[in-house]
Amino acid sequence: MSDNTRAQRMGGPRGGHGHGHHGMMPEEKAADFKGSMLKLIKLMGGSKAAIAVVFAFAIGSTVFNIVGPKVLSTATTELYEGISAKIAGTGGIDFNAVGTILLTTLALYGVSALCSFVQGWTMTSVSQKTCYTLRRRIAEKISRMPMGYFEKTSTGDVLSRITNDVDMLGQSLNQGITQLITSATTIVGVLVMMLSINVPMTLIALTVIPVSGVLVKAVVSRSQKYFRAQQKNLGMINAQVEETFSGHAVVRAFNREDVALERFKETNDRLYESAWKSQFLSGMMMPAMNFVSNLGYVAVAIAGAAFAMRGVITVGDIQAFIQYVKNFTQPITQLAQVSNVLQQMAASAERVFEFLDAPEVEDGKATESLAHVEGNVTFDHVGFGYDADVRIIRDFSAEVKSGQTVALVGPTGAGKTTMVKLLMRFYDVDEGAIRIDGRDIRDCNREELRRQFGMVLQDAWLFSGTIRENIRYGRLDATDEEVEQAARAAFADHFIRTLPGGYDMVINEDASNVSQGQRQLITIARAILADRKMLILDEATSSVDTRTEKRIQMAMDNLMCGRTSFVIAHRLSTIRNADLILVMHEGDIVEQGTHEELLALGGFYADLYNSQFAHDNADYARG
């Protein structure tokens, strides 16, 4: 990797200036609640039948639960009248009637519980299917995102959207939708039952609604921005933790623990500030709603006693009505809680859809095929800049013949690695064109283009898995023998066999159980196994010692034979053997030719060679 790339990274997430590290203060505007919910509803369109089942069984559960108190009230009335008759000596309690009523009530509550179980099971399935779909779409989206997005956005923030936000959305969806249905059904059903018992008492109970509505609106209008800030700051926390732990050795080596802790403290303080405010406001709703509910409960109890004394209402109906009042205020309180849940869901959904709706790499219809590539590459007055107003590559032109080994040489920031990114279409050129066998790569499918290249980078990337699996990543259908043959060609076979488990040794998450040089040898073996028509070697031997490099170079010479190879390297051996050396300075080619031709010119390359490679040349001559 060039220092130019490092500088870009330092200006991105690692340097604290990326998207994932911007402060998110509570005064940020509330989320687009309506837009996020509409997108979520559209996403769940494939689960219409399941959602219909949820609605049906949620309503059924609620209806059976609502009818229960009314039926049970007849048992209370039966007991009251029986006791009164026994005291008066005119009769007694009809236990058969009471037993029938109790069994009927039990059956009603049993059916209600069964319906509740079915709707809960179905809603859980719907919510998890939605989360599954979102995670799949995010994973697919990542491959279509421009490289610039990930250079400006921290890994932790992206991971937070995949994990925290999707999980929060799933939990909120599961709880919120079910609660919304049951609460709304309960309010309507209970209202009907209360009106059937006594209209004046119902009107008294309804006085809690406007007061409750004012409370809900006040809390929702103030808490949404804090829920949004909470989710954003949580993503920032994840980004910093991921960054600090992945670079823990560097942090400690430069004694930057205090700085890392201070950065974490600042973000953690912002998370605390937004989290406690959102939770405090949502927590205020329950006691406030309970207070209003209790006022309504007391008013209904007083009115019921007065109506009973006048014989307008039975004792059983009073008992049922009081229970209905409790059941009426409870769903109102639950709806207030649901509003908080829906706010959290909207905040999470917005972050997820923000990622899914981010601009993708435009890859129009491919008009050129790369099925049969010879490897002739033309750079025709290429111009490019990561930012529109800052040019990295100004006017780059070169002609590379099939099978040639081309070395890109130049000082730090000259644009060497940028040219490789353009060649692979990680970015598209702003001016000019890059052609392979006369075909403009912008007219080719990106996937097909990248299948033509094998790559070995300075940063040796390995995933958690066996050494054999990491090498086979170059060609998934390769046999074990082909994997081992590639390792031998890269001079990696010997050290692999000395490791515990050999080719089946599992490389851990950060590949710390093998050395940097060994990691590089494994990636070289991977490139050899891939057997592509063109190669890109970006400082491929920078992490191995001189003796190992010479052995690798012999393998590389065989590998590059007959293949068009682009080499970014400062090692003398690679540069001396190149068919063509392109000397870059400030985004342009200032000289080109073979090693001997460029030395004879006595220009920029000669100065660079004498200042940087003289010592290596002496070692090479002695070797």
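Every read-out reported here was derived from the displayed coordinates using simple, explicitly stated rules and does not represent laboratory data. Note that the structure is predicted; figures quoted are calculated from it, not measured. No Cβ is skipped: glycine too gets one built from the backbone with ideal geometry, and neighbour counts run over all protein chains shown.
Fewest-first ordering of 399, 596 by other beta carbons within 10 Å of each residue's beta carbon gives 596, 399.
Dipole size in debye (nearest 20) for the range 460-531 around its Cα centre, Lys and Arg Cβ +1, Asp and Glu Cβ -1?
200 debye
The mean sequence distance of close C-alpha pairs (under 8 Å, at least 6 residues apart), as a share of the length of the range 35-166, puts its relative contact order at 31 percent.
Hydropathy at least 1.0 by Kyte-Doolittle, axial extent at least 30 angstrom from the Cα trace: which helices of the chain, defined as entire DSSP H runs, fit?
On the way: long enough: 48-88 (61 Å, 1.03); 95-144 (73 Å, 0.39); 166-197 (46 Å, 1.17); 208-246 (55 Å, 0.07); 257-309 (76 Å, 0.22); 315-356 (60 Å, 0.27).
Span-like helices, by this rule, are 48-88, 166-197.
Charged side chains reduced to their Cβ positions (Lys and Arg at +1, Asp and Glu at -1) give the chain a dipole of some 2300 debye around its Cα centre.
Hey, what's the per residue convex hull volume over the C-alpha atoms of the chain, in cubic angstrom?
Working: hull volume 130.8 nm³, N = 623.
About 210 Å³ per residue, rounded to a whole number.
With a 10 Å Cβ neighbour count serving as the proxy for reagent exposure, in which order, fewest first, do 430, 480, 157 appear? Mind dumping the intermediate values first?
On the way: 430 14, 480 10, 157 25.
Listing 430, 480, 157 from fewest to most nearby Cβ atoms yields 480, 430, 157.
Per-residue ellipticity at 222 nm from helix content only, as computed over the chain with -39500 (n - 2.57) for each DSSP H run of at least four residues, stands at -21500 deg cm²/dmol.
For residue 326, go through the lysines and keep the ones whose alpha-carbon is under 29 Å away, minus same-chain ones fewer than eight residues off. Partners within reach: 70, 217. Each Cα pair under 8 Å and six or more residues apart adds its sequence gap; the mean of these over the residue count of the range 47-354 is a relative contact order of 29 percent. Once the C-beta distance of residue 121 and residue 268 is scaled by a Förster radius of 35 Å, the resulting FRET efficiency is 0.35 to the nearest 0.05.
Which shape class applies to the range 460-531: rounded if a/c is under 1.5, otherwise prolate when a/b exceeds b/c and oblate if not, where a ≥ b ≥ c are the square roots of the Cα gyration tensor eigenvalues?
Details: a/c = 1.44, a/b = 1.33, b/c = 1.08.
It is rounded, given that a/c, with a ≥ b ≥ c, falls under 1.5.
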